[in-house]
């Protein structure tokens, strides 16, 4: 069975954000603005993306 992936790019910095949002970005592997990660499309990843949706872009 093929697993679906989503590509996520960090478009705004985590500086000045709440610590839980910073930890979510680290958990997603997004450490620098412009970095792109391809992650497995799971409910937990979707929840993390929703939490920092104002900082990331799904491409």
ask   = If you scan region 25-35, which residues turn out to be surrounded by 12 or more Cβ atoms within 10 Å (Cβ to Cβ) and touching a residue at least 24 places away in the same chain (Cβ under 8 Å)?
value = 25, 28, 30, 35
ask   = If you scan region 9-26, which residues turn out to be in contact with a helix residue (DSSP H, G or I) (Cβ under 6 Å, 6 or more places away or on another chain) and not in a loop (DSSP other than H, G, I, E, B)?
value = 24
task = Sort out which residues of region 43-59 are surrounded by 13 or more Cβ atoms within 10 Å (Cβ to Cβ) and either part of a loop (DSSP other than H, G, I, E, B) or at positive phi (or both), and write them in order of number.
result = 52, 55
remark   = Within region 1-24, the residues that are within 13 Å of residue 57 (Cα to Cα) and either touching a residue at least 60 places away in the same chain (Cβ under 8 Å) or touching a strand residue (DSSP E or B) at 6+ places or on another chain (Cβ under 7 Å) (or both) are 6, 7, 8, 9, 10, 11
Flag if residue 30 is on the phi < 0 side of the Ramachandran plot, in contact with a helix residue (DSSP H, G or I) (Cβ under 7 Å, 6 or more places away or on another chain) and outside any helix (DSSP H, G or I) = no
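All of the numbers you see were taken from the coordinates with simple rules; none came from a lab. Because the structure is predicted, anything quoted here is derived from the model rather than measured. Cβ: placed from backbone, ideal geometry, glycine included. Neighbour counts: every protein chain shown.
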